[in-house]
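K.L.:
Could you have a look at this structure, given as structure tokens, before my questions?
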Amino acid sequence: KSSATPTDGKMVLRLAKTLVARRGRQSACKAGLLKTGFRSFRSSTAVTDKVLCVLYPDPSTGFPPSYARDSIPKIEIYPDGQTTPTPNSIDFNPGELLGCVSGELGLRKFLEDNGHELVVTADKDGDGCEFDAHLKDAHYVISQPFYPAYITADRIASAPNLRAAITAGIGSDHVDLDAAMKHKVDVCEVTFCNSISVSEHVVMMILSLVRNYVPSYQWIKQGGWNIADCVQRSYDVEGMKVGTVAAGRIGLAVLKRLHPFDCKLHYCDRHRLPREIEERYSLTYWNDWKEMVKEMDVVTLNCPLHSETEHMVNADTINLFKRGAYLINTARGKLCDKHVISKALEEGQLAGYAGDVWFPQPPPSNHPWRDMPWHGMTPHTSGTSLSAQARYAAGVREILECYFNETSIRDEYQIVTDGALAGTGAHSYSEGNATSG
Ligand code: NAP
């Protein structure tokens, strides 16, 4: 009222503002109020949105790092024909370290130029953490699975303005999807951004476990040449039966990459792959993963964590594995019972376990997977190579542009939309909550 003479346009904007404040963005769109008015409304400083971003700490050696390479290959199309992220523009050089606090996912200029506030923190856990202090009035939360802000029901309830939890990566199990649906908080992720990165890591870990690479490397680091010590647990993967639980984007990419190694390839999934793919890669399909693992030399888990898959490898199912099997899990730590895995390695039921996913993250110093025998664990790094970061940083920017411009987010990126599982979420997740211990 204090501004110049009200016009119809301004009244529309004011009405739009009220609707937005009540988290009625979808209804406002449906009512046709935001189509033109929303953008100019958004560009004024009066409507600043707060974007809260949780990223992992900077390198201990300082930021920016000294890069080993000057560029990364430009990937424009994923293997299924989907394009890589297409934001209007980016403010970073692909190949830069974007996933740590000072990298800011390359978002600061874009957000601040558009009048929004960006808060970036690594302080995400425990009473009084910076994340909780800022969540109260945040509109968007961005978190990476590698260093996740667990967005529990309590946290969602404490954030009345929250519109969306955006995963800078793939896998939104750190968000309580039930609570998100109940509070109409959208959940989205950058589907496919790092699936190939992870599949490369899986193949690396299969080879390194089966060939006993890590202990052999350690002999050299220690100044030794103990060939017999190295090879007493070293085999070839050629001819081994390798089975993936799930043949989605990562699982299928693993199978394709292993095909030239002349392994016998198996998979289990809720949906069967097209016959031509099965024939091209000589794949054997199983509809029950518990039956498949009885015959496998190597098992790799590539399904999402949701209420159906949590602790699928437990005290009962571990006994179904062939003695001496290798288990590779780059999907989520809580697919496996941590104590069952360490015991299976100690007793020889498993010959090796490798992966990069733990629960919680970061894991405490006494987590049993740090010290168990014959493991090849890394921190959660497979999906955050510099190559992957360029894609998911661009993907997050694309998603934010969609929100700010009131255009729809790609179907593939949607996990929860307007209170229900949607897009990839409807296809690959089940309702429930897997955020707690
Ligand atoms: P995706 O393309 O959506 O594939 C997931 C597959 O899992 C789908 O084919 C789905 O089956 C299948 N699935 C779901 N529940 C299943 C069950 N109970 N039994 C058997 N199959 C089941 O996802 P993606 O890109 O391959 O990623 C998979 C997971 O890897 C993510 O959810 C995430 O947890 C993890 N990940 C880890 C990293 C990392 O950095 N370590 C990075 C990216 C992803 P249908 O769709 O056929 O129903």
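The values are calculated or read from the model by the stated rules, or taken from the named source; none is laboratory data. Predicted, not measured: the structure shown is a model, and the values here were computed from it. Note that we place each Cβ from the backbone using ideal geometry, even for glycine, and neighbour counts take in every protein chain shown. Please note that ligands, DNA and RNA were not included when accessible areas were found on the heavy atoms of the full protein model with its side chains. Shrake-Rupley method; radii C 1.70, N 1.55, O 1.52, S 1.80 Å.
K.L.:
Condition first: over 15 Å from residue 330 (Cα atoms) and either free of Cβ contacts under 8 Å to residues at least 60 places away in the same chain or within 9 Å of the ligand (Cβ to nearest atom) (or both). Now tell me which residues in region 307-317 satisfy that.
P.N.:
If the condition is that a residue be over 15 Å from residue 330 (Cα atoms) and either free of Cβ contacts under 8 Å to residues at least 60 places away in the same chain or within 9 Å of the ligand (Cβ to nearest atom) (or both), then 308, 314, 315, 316, 317 are the ones that fit.
K.L.:
Somewhere in region 214-222, is a residue open to solvent by 10 Å² or more (accessible area, probe 1.4 Å) and touching a residue at least 24 places away in the same chain (Cβ under 8 Å)?
P.N.:
yes
K.L.:
I would also like to ask the following. Quick one: residue 310 ticks every box in (1) in a loop (DSSP other than H, G, I, E, B); (2) over 25 Å from residue 415 (Cβ atoms); (3) charged (D, E, K, R) except a single one, so which number is it?
P.N.:
(2)
Let's see how each residue does on (1) in the same structural domain as residue 302 (by the TED database); (2) charged (D, E, K, R); (3) in contact with a strand residue (DSSP E or B) (Cβ under 7 Å, 6 or more places away or on another chain):
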| site | (1), (2), (3) |
| --- | --- |
| 345 | yes, no, yes |
| 367 | yes, no, no |
| 394 | no, no, no |
| 408 | no, no, no |
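K.L.:
Is it the case, given these coordinates, that residue 388 is at pLDDT 95 or above, part of a helix (DSSP H, G or I) and either surrounded by fewer than 19 Cβ atoms within 10 Å (Cβ to Cβ) or small (Gly, Ala, Ser) (or both)?
P.N.:
yes
K.L.:
Can you tell me how many residues within region 142-162 are open to solvent by less than 30 Å² (accessible area, probe 1.4 Å), in a loop (DSSP other than H, G, I, E, B) and touching a residue at least 60 places away in the same chain (Cβ under 8 Å)?
P.N.:
Here the count works out to 5.
K.L.:
Something else about it: Answer with yes or no whether residue 273 is open to solvent by 20 Å² or more (accessible area, probe 1.4 Å) and among the hydrophobic types (A, V, I, L, M, F, W, C).
P.N.:
yes
K.L.:
Answer yes or no as to whether residue 239 is outside the structural domain of residue 279 (by the TED database), more than 20 Å from residue 375 (Cα to Cα) and away from the ligand (no atom under 13 Å from the Cβ).
P.N.:
On the way: outside the structural domain of residue 279 (by the TED database): no; more than 20 Å from residue 375 (Cα to Cα): yes; away from the ligand (no atom under 13 Å from the Cβ): yes.
Criteria not met by residue 239.
K.L.:
For residue 225, only one of the following conditions fails: (1) away from the ligand (no atom under 16 Å from the Cβ); (2) touching a strand residue (DSSP E or B) at 6+ places or on another chain (Cβ under 7 Å). What is its number?
P.N.:
Against the list (1) away from the ligand (no atom under 16 Å from the Cβ); (2) touching a strand residue (DSSP E or B) at 6+ places or on another chain (Cβ under 7 Å), residue 225 comes up short only on (2).
K.L.:
Still on this model: Hey, residue 133 hits all of (1) out of contact with any strand residue (DSSP E or B) (no Cβ under 7 Å at 6 or more places or on another chain); (2) within 16 Å of the ligand (Cβ to nearest atom) but one; which does it fall short on?
P.N.:
Tallying (1) out of contact with any strand residue (DSSP E or B) (no Cβ under 7 Å at 6 or more places or on another chain); (2) within 16 Å of the ligand (Cβ to nearest atom), residue 133 fails exactly one: (2).
K.L.:
Being away from the ligand (no atom under 16 Å from the Cβ), part of a loop (DSSP other than H, G, I, E, B) and touching a residue at least 12 places away in the same chain (Cβ under 8 Å) is the filter here; which residues of region 344-370 pass it?
P.N.:
Listed by number, the residues that qualify are 348, 349, 367.
K.L.:
Oh, and also: Give, as residue ranges, the helices (runs of 4 or more DSSP H) completely inside region 163-228 that count at least 1 residues that are hydroxyl-bearing (Ser, Thr, Tyr).
P.N.:
Working: elements: 177-182, 195-210, 213-221.
Those helices (runs of 4 or more DSSP H) span 195-210, 213-221.
K.L.:
Any residue in region 272-292 that is farther than 24 Å from residue 239 by Cβ and near the ligand (Cβ under 9 Å from one of its atoms)?
P.N.:
Yes, region 272-292 has at least one match.
K.L.:
Restricting to region 114-130, name every residue that is touching a strand residue (DSSP E or B) at 6+ places or on another chain (Cβ under 7 Å), over 14 Å from residue 166 (Cβ atoms) and in a loop (DSSP other than H, G, I, E, B).
P.N.:
122, 124 - these are the residues of region 114-130 that are touching a strand residue (DSSP E or B) at 6+ places or on another chain (Cβ under 7 Å), over 14 Å from residue 166 (Cβ atoms) and in a loop (DSSP other than H, G, I, E, B).
K.L.:
Being at positive phi, of a type outside the set (A, V, I, L, M) and open to solvent by 30 Å² or more (accessible area, probe 1.4 Å) narrows it down to one of 95, 115, 106, 128, so name that one.
P.N.:
Within the list 95, 115, 106, 128, the selection yields 128.
K.L.:
Which of the numbered conditions does residue 341 fail, given that it passes all the others? Conditions: (1) in contact (Cβ under 8 Å) with a residue 24 or more places away in the chain; (2) among the β-branched types (Val, Ile, Thr); (3) in a strand (DSSP E or B).
P.N.:
Result: residue 341 passes all but (3).
Residue-by-condition table, conditions (1) of a type in the set (Phe, Trp, Tyr); (2) in a helix (DSSP H, G or I); (3) touching a helix residue (DSSP H, G or I) at 6+ places or on another chain (Cβ under 7 Å):
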residue: 265; (1), (2), (3): no, no, yes
residue: 277; (1), (2), (3): no, yes, no
residue: 285; (1), (2), (3): yes, no, yes
residue: 291; (1), (2), (3): no, yes, no
residue: 304; (1), (2), (3): no, no, yes
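K.L.:
Continuing with this model, one more query. Filter region 316-348 down to the residues that are under 27 Å from the mean Cα position of the chain (by Cα) and open to solvent by 50 Å² or more (accessible area, probe 1.4 Å) and list them by number.
P.N.:
If the condition is that a residue be under 27 Å from the mean Cα position of the chain (by Cα) and open to solvent by 50 Å² or more (accessible area, probe 1.4 Å), then 338, 339 are the ones that fit.
K.L.:
Go through 371, 356 for me and flag whichever is at pLDDT 95 or above and open to solvent by 40 Å² or more (accessible area, probe 1.4 Å).
P.N.:
Of 371, 356, the one residue that is at pLDDT 95 or above and open to solvent by 40 Å² or more (accessible area, probe 1.4 Å) is 371.
K.L.:
Take residue 373 and decide whether it is away from the ligand (no atom under 16 Å from the Cβ), of a type outside the set (A, V, I, L, M) and outside any helix (DSSP H, G or I).
P.N.:
Criteria met by residue 373.
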